[in-house]
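Okay, structure first, notes after.
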Amino acid sequence: MTKMIIEPTENPKVMKFVADYNLIPGSLELDRNSDISEIPLAQELLKYPFVERIFITANFVAVAKEDAVEWEHVAESLKDLIADELSKNPRVYIQKLKEEIQIFSEMTPNPNVMKFVSNQTLLDGFLELKSREEAADVPLAKAIFDQFEYVTQVFISDNFVAVTKDDSFQWHEIMVEVRAFIAAYLQNHKVVSNIPAAKHENPVEQLINRDYTEKEQKISDILNEYVAPAVEGDGGKISLIGYDEENKVAKMLLQGACSGCPSSTATLKGGIENILKQFVPELVEKVEAVNG
């Protein structure tokens, strides 16, 4: 139990109850009209009808009482109550057990893919699950597949989940229930994945055990600096998967919302190919897509 001492003040209606540590930054002045929903100490003190006001600052709690009650009859009881409450909540306010998970929906360029963004990090890296079978060791993805028959792919990366649906529904019909389901799952502190996430710098297994050539690295650097941020912002991922040096063809792996997106070809030709031809014209004349 927190150690407390009782100190009289110049005001005979007010008594100080001093702790052996600083209770809060700043100060609080509370009465029966104050919002004390998150301050258990104030809730308990104001249960006493003779307590008029509470002042909390530095290392003490000052209590103002009505004239009808003498301190010699109540001071020790209040001291014990304050010590007990501070032992439960040393910083005065309720110690919240968990932060509320918030999920926001975002459209992507792919009409079949919706991005659900969390206010907390879900993975350090990414996972792409293209079937219920692939999701067996990824509980969040498995739960989404099991709950919604129309889901065909789940892509989890950093702080978002990109969900791909079939053509049986439009997103405006199902977006709210998918968002609510993901939020409820995460709020219950359920496991996102039982397997390690793939690292962003190594998006494909076949690239993990080899280094880029000098020319491939130049192409990859341009992608990472000028292309990746925008693509990932739309719930997708694009990576250099191969390079035909003789024909100057860079092959891109499309994942997440990019995979199967009707606009991905236009993005490759109108955007990424032009960027690479501008920055490394000696290396790239053409870009080809490989859906992940």
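Just so you know, all these numbers are worked out from the coordinates, no wet-lab data involved. Just so we're clear, the structure is a prediction, and the values are computed from it rather than from any experiment. Because the Cβ atoms are built from the backbone with ideal geometry, glycine has one as well, and the counts that use them run over all protein chains shown.
Please state the shape class of segment 103-187: rounded when a/c is under 1.5, otherwise prolate if a/b exceeds b/c and oblate if not, all from the C-alpha gyration tensor.
Verdict is rounded for segment 103-187.
Compute the distance from the alpha-carbon center of segment 121-145 to that of segment 162-202, in whole Å.
Centre-to-centre (Cα) distance: 8 Å.
With θ taken as phi - 60° and the coefficients 6.51, -1.76 and 1.60, list the Karplus ³J(HN,Hα) couplings across segment 3-14 in order, rounded to whole Hz; mark glycine and proline as x.
6, 10, 10, 9, 10, x, 10, 5, 8, x, 7, 10
Based on the alpha-carbon gyration tensor of segment 53-130, what equivalent-ellipsoid semi-axes (square roots of 5 times the eigenvalues) come out, in whole Å, largest first?
54, 14, 9
How much net charge surrounds D20 when only other residues with a Cβ under 14 Å from its Cβ are counted (Lys, Arg +1; Asp, Glu -1)?
+2
In straight Cα distance, which lysines are under 26 Å from K215, not counting same-chain residues fewer than 8 positions off?
K199, K237, K248, K251, K269, K277, K286
Amide H of N59: which non-local residues (sequence gap of 5 or more, or other chain) have their own amide H closer than 5 Å, using H built in the peptide plane?
Placed amide hydrogens put L23 under 5 Å from N59.
Could you compute the net charge surrounding Y150? Neighbours are other residues with a C-beta less than 14 Å from the C-beta of Y150; K and R count +1, D and E count -1.
Taking every Cβ under 14 Å from that of Y150, the sum is -4.
Sorting E245, E85 on the 10 Å Cβ count, fewest up front, what's the list?
Ordered by Cβ neighbours within 10 Å, fewest first: E245, E85.
Mind listing the long-range amide H neighbours of I241? Cut-off is under 5 Å, sequence gap 5 or more, other chains count too, H placed in the peptide plane at 1.01 Å from N.
Amide H to amide H, under 5 Å and 5 or more residues apart or across chains, I241 pairs with K251, M252, L253.
For K130, list the aspartates and glutamates whose Cα falls under 17 Å from its own Cα; do not include residues on the same chain fewer than 8 positions away.
Partners within reach: D146, E149, D166, D167, E205.
Please list the non-local residues whose amide H lies under 5 Å from the amide H of A135, H modeled 1.01 Å from N, same-chain partners needing a gap of 5 or more.
none
For a test of understanding, tell me how many lysine pairs in segment 4-88 have Cα atoms under 17 Å apart, given they are 8 or more places apart or on different chains.
Close lysine pairs found across segment 4-88: 8.
Can you work out the FRET efficiency for the pair K3 and F181, with r the C-beta to C-beta distance and R0 = 51 Å, to the nearest 0.05?
After rounding, the FRET efficiency stands at 0.55.
Suppose R0 equals 22 Å. What FRET efficiency, 1/(1 + (r/R0)^6) with r the Cβ-Cβ distance, do N224 and K251 give to the nearest 0.05?
0.85
With only Lys, Arg, Asp and Glu charged, each at its Cβ (+1 for the first two, -1 for the last two), find how big the charge dipole of segment 130-190 is about the Cα centre; round to the nearest 20 debye.
200
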